């Protein structure tokens, strides 16, 4: 009998998790690029086939390719492709986030704002430091409101609340709601048997292993 599928949480950093469905979807997001050299026999792969499926992509051609492919082709020394920043990470939008990140509909602009932005740091850009700082400050600025909302929506329709959230923020919202629901169940005497947390269980396993050795 096969075991039930256990979801793998998305990664957060320069590398995506290949066992995470969310990271796989995020790596399919398209990135604006420019061919810095002719790319032979890649016309079909890069969506520029025309009449010749096996033709070359001329130097200077503007492309929109998935993130995973851009990472594979990018080489700072050989200059195969150059990467342009998506508009949401450019200076004009960074100014909006700095002013008030809570007014932005992150899901509409890019459902993987944090993960995709972290991946952009793989490409050498003079704006990388500013991008990283904006992503961090945006997360900090929106975190409290997300958790406050999740704690004040017991047994309510939350679709309107989460509609403007990035995928990572939606995970946080669900975690907050689960904590609220578990607390309410415990308070009303409906909680299931209390069990040790996974952290305690792992600690005990390590402790027994050390004693055995």
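The values are calculated or read from the model by the stated rules, or taken from the named source; none is laboratory data. All values derive from a computational prediction rather than experimental measurement. As a convention, Cβ positions derive from the backbone with ideal geometry for all residues, glycine included, and neighbour counts pool all protein chains shown.
If the condition is being exposed (fewer than 15 other Cβ atoms within 10 Å of the Cβ) and either closer than 27 Å to residue 85 by Cβ or modelled with pLDDT of 80 or more (or both), then the stretch 50-60 contributes 58, 59, 60. Applying the criterion of being loosely packed, with under 15 Cβ neighbours inside 10 Å and touching a residue at least 24 places away in the same chain (Cβ under 8 Å) to the residues of the stretch 110-129, the residue that is nearest to residue 88 (Cα to Cα) is 127. If you go through the stretch 61-75 and keep only what is over 17 Å from the mean Cα position of the chain (by Cα) and either farther than 18 Å from residue 48 by Cα or surrounded by fewer than 17 Cβ atoms within 10 Å (Cβ to Cβ) (or both), you end up with 62, 64, 72, 74, 75. Out of everything in the stretch 79-109 that is within 22 Å of residue 46 (Cα to Cα) and in contact (Cβ under 8 Å) with a residue 24 or more places away in the chain, what residue ends up being surrounded by the fewest Cβ atoms within 10 Å (Cβ to Cβ)? This residue is 79.
The rows are residues; the columns are (1) modelled with pLDDT under 90; (2) assigned to a helix (DSSP H, G or I).
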position	(1), (2)
68	no, yes
71	no, yes
78	yes, no
85	no, no
92	no, yes
98	no, yes
107	no, yes
116	no, yes
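Within the stretch 25-39, the set of residues being in contact with a strand residue (DSSP E or B) (Cβ under 8 Å, 6 or more places away or on another chain) and either at pLDDT below 90 or more than 17 Å from residue 117 (Cβ to Cβ) (or both) comprises 34, 35, 36, 38, 39. Only residues that are assigned to a helix (DSSP H, G or I) and more than 16 Å from the chain's Cα centre (by Cα) were counted across the stretch 138-161, and they come to 12.
Of everything listed in (1) surrounded by 11 or more Cβ atoms within 10 Å (Cβ to Cβ); (2) part of a loop (DSSP other than H, G, I, E, B); (3) in contact with a strand residue (DSSP E or B) (Cβ under 9 Å, 6 or more places away or on another chain), the single unmet condition for residue 44 is (3). Of all the criteria given as (1) closer than 28 Å to residue 22 by Cα; (2) at pLDDT below 80; (3) surrounded by 11 or more Cβ atoms within 10 Å (Cβ to Cβ), the one not satisfied by residue 191 is (1).
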